[in-house]
1. So in the stretch 28-64, with the set limited to residues that are within 16 Å of the chain's Cα centre (by Cα) and not in a helix (DSSP H, G or I), which one is surrounded by the fewest Cβ atoms within 10 Å (Cβ to Cβ)?
2. Determine which member of the set LEU104, LEU92 is part of a helix (DSSP H, G or I) and either at pLDDT 85 or above or outside the structural domain of THR16 (by TED's automatic domain parsing) (or both).
Amino acid sequence: MSISEPSDVSIRLIETAQARGIPRRGLTRRLAALCAVTDHAAHKWVTGESEPSRRNAEKIAAAWGVTVAYLLFGETVEAMEAAKTNEVALPLLSINQLHRAGSLDDQDLVEIERFARLLASKNVHQGAR
């Protein structure tokens, strides 16, 4: 039996749960109850062996206050909205593609997100003048 690497989706599930005060321990059972699936199915999502269906991702997203696009693809509403109004932010939507291809690690994504938020806040402050 081989051990799978966590997928991007499983990482986002774990991080989003933790951000909402849901500890890693018991996460599988909570996901299973939320989506009416077996503990085994939810365990596979958390470990990266499989991903939730779109329908189950919708249930999770609704319960946790995030978008399905974020859970499944890592795209934030802020990045999509910024891309519509700010030409600097447009390339940020491709960052997740680079990450999925292995060109960026998780720390790179944290730094890029920090920079994007800084740019967005500067644009908001400049627009308010």
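1. Here the residue is SER53.
2. After ruling out the rest, the residue left standing is LEU92.
The values are calculated or read from the model by the stated rules, or taken from the named source; none is laboratory data. The structure displayed is predicted, hence computed values, not measured ones. Backbone-built Cβ (ideal geometry, glycine too); neighbour counts: all protein chains shown.
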